[in-house]
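Chemist: This is the structure I have questions about; it appears just below.
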Amino acid sequence: MKSLLLNWFDDWGFAIRDGLGQSGLITLIVVFTFIALFLLQNIVRASINKTKLVVKWGQIFFLIIFVLFIIWFCTLI
């Protein structure tokens, strides 16, 4: 462990960065960005087409998770 305060989130991030390297993190950022945009596409398409907006809570939940992972991986670089 690298932190004396036993911050497992930081340690887990350092382990991911050391294991994947910078190019692996960039690849994950790109993949997660495409997945997040795909999840966002259905929400935007329904609102543009003026159809009844059916909010799929699981889709929004995973969209938030992927956006948080993108931000976290960007801070690891």
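Chemist: If you scan the range 5-25, which residues turn out to be farther than 22 Å from Ile64 by Cβ, part of a helix (DSSP H, G or I) and not small (Gly, Ala, Ser)?
Modeler: Within the range 5-25, Asp11, Phe14, Arg17, Asp18, Leu20, Gln22 meet the criteria.
Chemist: Another question, if that's okay. Would a scan of the range 34-50 turn up a residue that is out of contact with any strand residue (DSSP E or B) (no Cβ under 6 Å at 6 or more places or on another chain), among the β-branched types (Val, Ile, Thr) and open to solvent by 70 Å² or more (accessible area, probe 1.4 Å)?
Modeler: Within the range 34-50, one or more residues are out of contact with any strand residue (DSSP E or B) (no Cβ under 6 Å at 6 or more places or on another chain), among the β-branched types (Val, Ile, Thr) and open to solvent by 70 Å² or more (accessible area, probe 1.4 Å).
Chemist: Say we look at the range 58-77 and pick out the residues that are under 9 Å from the mean Cα position of the chain (by Cα) and among the β-branched types (Val, Ile, Thr); which of these is least open to solvent (accessible area, probe 1.4 Å)?
Modeler: Ile70
Chemist: Hey, can you tell me all the residues within the range 16-30 that are among the hydrophobic types (A, V, I, L, M, F, W, C) and surrounded by 13 or more Cβ atoms within 10 Å (Cβ to Cβ)? Before the answer, list the steps.
Modeler: Filtering the range 16-30 for residues among the hydrophobic types (A, V, I, L, M, F, W, C) gives 16, 20, 25-26, 28-30.
Of everything in the range 16-30, those that are among the hydrophobic types (A, V, I, L, M, F, W, C) and surrounded by 13 or more Cβ atoms within 10 Å (Cβ to Cβ) turn out to be Ile16, Leu20, Leu25, Ile26, Leu28, Ile29.
The values are calculated or read from the model by the stated rules, or taken from the named source; none is laboratory data. Since the structure is predicted, the reported quantities are computational estimates derived from the model, not experimental observations. No Cβ is skipped: glycine too gets one built from the backbone with ideal geometry, and neighbour counts run over all protein chains shown. To get the accessible areas, we keep the full protein, side chains included, count just its heavy atoms, and leave off ligands, DNA and RNA. Shrake-Rupley method; radii C 1.70, N 1.55, O 1.52, S 1.80 Å.
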